[in-house]
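S.K.: Take this structure first; my questions come after.
Read-outs throughout are calculated quantities, based only on the coordinates presented, and are distinct from any laboratory measurement. Since the structure is predicted, the reported quantities are computational estimates derived from the model, not experimental observations. No Cβ is skipped: glycine too gets one built from the backbone with ideal geometry, and neighbour counts run over all protein chains shown.
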């Protein structure tokens, strides 16, 4: 059984639990949070790019078009390929468009 970690999105203050075997984007959706945009969920579109501010993590394969070696060194990764190994603090990159949420009907 894997550990569960606390994920905090620093701009919104939203928090949610993430199992170490689940990616951060899937955990966010499971807990009905909306702090990261959702795209292809497969590492190819780059829409869910976040910066890991603190914590340990592993990453799956990501499109180099959206996350290059310099990005990785700066902690920029795709949330759909981000697997926590400790509690994480994440934020949207400064260059990212703001997340717009609309209430459910």
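S.K.: Order these peptides, 13-26, 53-66, by their mean beta-carbon neighbour count within 10 angstrom, highest first.
M.R.: The densest-packed peptide leads the list: 13-26, 53-66.
S.K.: Percent relative contact order of the range 4-91, based on C-alpha pairs within less than 8 angstrom and at least six residues apart?
M.R.: Worked out over the range 4-91, it gives 38 percent.
S.K.: Also, I was wondering about something else. So between residue 74 and residue 3, what do we pick up on full extension, going 0.36 nm a residue minus the alpha carbon distance?
M.R.: Here the segment from residue 74 to residue 3 would lengthen by 23.0 nm.
S.K.: Still on this structure: Suppose each label sits 7 Å from its Cα in the direction of the beta carbon; what would the residue 58-residue 89 distance come out to in nanometres?
M.R.: 2.5 nm
S.K.: Checking the a/c ratio against 1.5 first, then a/b against b/c, what shape does the Cα gyration tensor give for the chain?
M.R.: Here the chain falls in the rounded category.
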